[in-house]
Amino acid sequence: MFAIKAVTPNVKYTLRLMSYMKKSRMVNNITVEVKAVSRVYQARKVVNALSLKLEQGKILGLLGANGAGKTTTMKMMAGHLMPTAGDIYICGMDITQNPKEAKALIGYLPEHRPLYKELTVDEYLEIAARFHKLSSHRIKQSIAFVKERCGLADVGKRVIEQLSNGYQQRVGIAQALIHAPMVVILDEPTVGLDPIQIRQVRSLMREIAQDASVIFSTHLLPEVEMICDDVHILDQGHTVYQADIHTLQHHMQTRSLVAAFKRPTNLQALYQLPNVLGMYHQNEHTVVVQYQHASPAEALVTMAVQQDWGLYLLNEQQSTLEDVFIQLAQSS
């Protein structure tokens, strides 16, 4: 496998970004602003009053389980779906009022890669460049640049269908970068890849963020911790949490008691224990009790004995991102 190479942005790439910035009405380096956006399918709100902002050079992770509304949100941000309500601005431009200008600033890799697999990598990237109306003298340079950035320099003459899944994903990302966009939107970019390929794509996203803002969706919790600057958690179309990654990690500084009982417990009674912040059912018999400061373990054991709950397991653990996600989703 060829490694993805770090590439210093060339002068023309940088000038193109500066040109976009002059034409746009971007305020305070905000490249994407979503204001109270909703999308209704057959009387059901798939996305409900979603709002978010993304700064230039940042990576935003849309986190949520399957069906949370991530793909619909990204399609609306990319201009592929009209919102039922609300507004979306790309570098200060309303994507519904100025669709051509706004979409010119976006690079988009949808959930299903838009590849013409019978073409070679070079042929496909040339078509992608022409779709974005790059001038003839820039096409060759742009193809060489994205191939180098995406680790495709040695496979330009290969037919896409003959490439591995990981390389096909790189080709999909390359087409999203071909026109030097200011905003790159990647829908589940690491799904179906092996661990080595996943690390390479994550590294590539960090490289892209040197020149552009990146929004990507995932249901993989470790991915958010590894590469995101900001996090937006969705559940059933609702926003349940949004903050920078450091704030989210602060939530993870709480500790948890994992307690299993043979008989039903009274959760309201558990809330009376000292230092308890919250709790949720891990399964039918197991409760996770989150706390700060001193452990309420001794008081929990005493209460369980008094109430005859049949306590048979009590473990202490550091809260994980998964714990935080489950708690946020259940409280939404």
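The values are calculated or read from the model by the stated rules, or taken from the named source; none is laboratory data. None of these values were measured; they are calculated from a predicted model. Cβ coordinates were reconstructed from backbone atoms using ideal geometry, including for glycine residues, and neighbour counts include every protein chain displayed. Note: areas computed on protein heavy atoms with side chains; ligands, DNA, RNA excluded. Shrake-Rupley method; radii C 1.70, N 1.55, O 1.52, S 1.80 Å.
Could you check, for region 19-30, whether at least one of its residues is in a strand (DSSP E or B) and either on the phi < 0 side of the Ramachandran plot or modelled with pLDDT of 95 or more (or both)? Reasoning before the result, please.
Start the filter on region 19-30 by keeping residues that are in a strand (DSSP E or B), which leaves 30.
Retained after the next criterion (residues that are either on the phi < 0 side of the Ramachandran plot or modelled with pLDDT of 95 or more (or both)): 30.
Yes: one or more hits.
Looking at (1) surrounded by fewer than 18 Cβ atoms within 10 Å (Cβ to Cβ); (2) of a type in the set (V, I, T); (3) touching a helix residue (DSSP H, G or I) at 6+ places or on another chain (Cβ under 9 Å), which is the only condition T84 fails?
Going through the list (1) surrounded by fewer than 18 Cβ atoms within 10 Å (Cβ to Cβ); (2) of a type in the set (V, I, T); (3) touching a helix residue (DSSP H, G or I) at 6+ places or on another chain (Cβ under 9 Å), T84 breaks only (3).
I'd like the full set of residues that are crowded, with 17+ Cβ neighbours inside 10 Å, part of a strand (DSSP E or B) and in contact (Cβ under 8 Å) with a residue 24 or more places away in the chain, limited to region 47-61. Let's see the steps before the verdict.
First, pick out the residues of region 47-61 that are crowded, with 17+ Cβ neighbours inside 10 Å: 47-48, 50, 52-54, 56, 58-61.
So of that shortlist, the ones also part of a strand (DSSP E or B) come out as 47-48, 50, 52-54, 59-61.
If the condition is that a residue be crowded, with 17+ Cβ neighbours inside 10 Å, part of a strand (DSSP E or B) and in contact (Cβ under 8 Å) with a residue 24 or more places away in the chain, then V47, N48, L50, L52, L54, I59, L60, G61 are the ones that fit.
Please work out which residue is surrounded by the fewest Cβ atoms within 10 Å (Cβ to Cβ), limiting yourself to region 100-111 and to residues that are of a type outside the set (A, V, I, L, M, F, W, C) and free of Cβ contacts under 8 Å to residues at least 60 places away in the same chain. Steps first, please.
Initially, region 100-111 is screened for residues of a type outside the set (A, V, I, L, M, F, W, C), giving 100-101, 103, 107-108, 110-111.
From the residues that got through so far, the ones that are free of Cβ contacts under 8 Å to residues at least 60 places away in the same chain too are 100, 103.
Details: K100: 9, K103: 19.
Checked region 100-111; the qualifying residue surrounded by the fewest Cβ atoms within 10 Å (Cβ to Cβ) is K100.
Please determine, by comparing only the residues of region 273-285 that are open to solvent by less than 90 Å² (accessible area, probe 1.4 Å) and among the polar types (S, T, N, Q), which one is farthest from M303 (Cα to Cα).
The qualifying residue farthest from M303 (Cα to Cα) is N283.
Answer yes or no as to whether E322 is under 38 Å from the mean Cα position of the chain (by Cα), open to solvent by 80 Å² or more (accessible area, probe 1.4 Å), closer than 30 Å to A243 by Cα and modelled with pLDDT of 85 or more. Break it down into steps so the answer makes sense when it comes.
Details: under 38 Å from the mean Cα position of the chain (by Cα): yes; open to solvent by 80 Å² or more (accessible area, probe 1.4 Å): yes; closer than 30 Å to A243 by Cα: yes; modelled with pLDDT of 85 or more: no.
For E322, the condition - under 38 Å from the mean Cα position of the chain (by Cα), open to solvent by 80 Å² or more (accessible area, probe 1.4 Å), closer than 30 Å to A243 by Cα and modelled with pLDDT of 85 or more - is not met.
Could you look through region 62-92, keep only residues that are part of a strand (DSSP E or B) and modelled with pLDDT under 95, and pick out the one that is farthest from D187 (Cα to Cα)?
Pass one, region 62-92, residues part of a strand (DSSP E or B): 62-63, 85-90.
Filter once more, keeping what is modelled with pLDDT under 95: 62-63.
Working: L62: 9, L63: 11 Å.
Top of the filtered list is L63.
Quick one: in region 251-272, which of the residues that are under 27 Å from Y241 (Cβ atoms) and open to solvent by less than 10 Å² (accessible area, probe 1.4 Å) is modelled with the lowest pLDDT?
If we take residues in region 251-272 being under 27 Å from Y241 (Cβ atoms) and open to solvent by less than 10 Å² (accessible area, probe 1.4 Å), then S256 is modelled with the lowest pLDDT.
Of everything in region 87-99, what is open to solvent by 20 Å² or more (accessible area, probe 1.4 Å), under 21 Å from the mean Cα position of the chain (by Cα) and of a type outside the set (D, E, K, R)? Give them in sequence order.
Residue satisfying the conditions is Y89 alone.
Within region 218-240, work out how many residues are outside any strand (DSSP E or B), buried (at least 20 other Cβ atoms within 10 Å of the Cβ) and more than 9 Å from the chain's Cα centre (by Cα).
1
Can you give me the ranges of the helices (runs of 4 or more DSSP H) entirely in region 100-201 with at least 3 residues that are under 20 Å from the mean Cα position of the chain (by Cα), hydrophobic (A, V, I, L, M, F, W, C) and at pLDDT 95 or above? Write out each step before concluding.
Numbers: elements: 121-131, 136-149, 165-177.
Per the criteria, 165-177.
For V37, indicate whether it is modelled with pLDDT of 95 or more, open to solvent by less than 40 Å² (accessible area, probe 1.4 Å) and hydrophobic (A, V, I, L, M, F, W, C). Steps first, please.
Working: modelled with pLDDT of 95 or more: yes; open to solvent by less than 40 Å² (accessible area, probe 1.4 Å): yes; hydrophobic (A, V, I, L, M, F, W, C): yes.
Yes; evaluated as a whole, the condition is true for this residue.
In region 130-154, which residues are aliphatic (A, V, I, L, M), closer than 19 Å to Q200 by Cβ and crowded, with 20+ Cβ neighbours inside 10 Å?
Of the residues in region 130-154, the ones aliphatic (A, V, I, L, M) are 134, 139, 143-144, 146, 152-153.
Cutting the leftovers down to closer than 19 Å to Q200 by Cβ gives us 146, 152-153.
Hits for region 130-154 are V146, L152.
Taking the condition of being basic (K, R), in contact with a strand residue (DSSP E or B) (Cβ under 9 Å, 6 or more places away or on another chain) and farther than 17 Å from Q168 by Cβ, how many residues in region 99-155 meet it?
Step one: of region 99-155, the residues basic (K, R) are 100, 103, 113, 117, 130, 133, 138, 140, 147, 149.
Retained after the next criterion (residues that are in contact with a strand residue (DSSP E or B) (Cβ under 9 Å, 6 or more places away or on another chain)): 103, 117.
Those left that are additionally farther than 17 Å from Q168 by Cβ: 103.
Result for region 99-155: 1.
Whether any residue in region 194-207 is within 19 Å of G69 (Cα to Cα), among the acidic types (D, E) and either surrounded by fewer than 17 Cβ atoms within 10 Å (Cβ to Cβ) or in contact with a Ser or Thr (Cβ under 8 Å, 6 or more places away or on another chain) (or both) is what I want to check. Explain how you work it out, then say what you get.
Within region 194-207, the first condition is being within 19 Å of G69 (Cα to Cα), and the residues that meet it are none.
The answer is no, given that none of the residues of region 194-207 is within 19 Å of G69 (Cα to Cα), among the acidic types (D, E) and either surrounded by fewer than 17 Cβ atoms within 10 Å (Cβ to Cβ) or in contact with a Ser or Thr (Cβ under 8 Å, 6 or more places away or on another chain) (or both).
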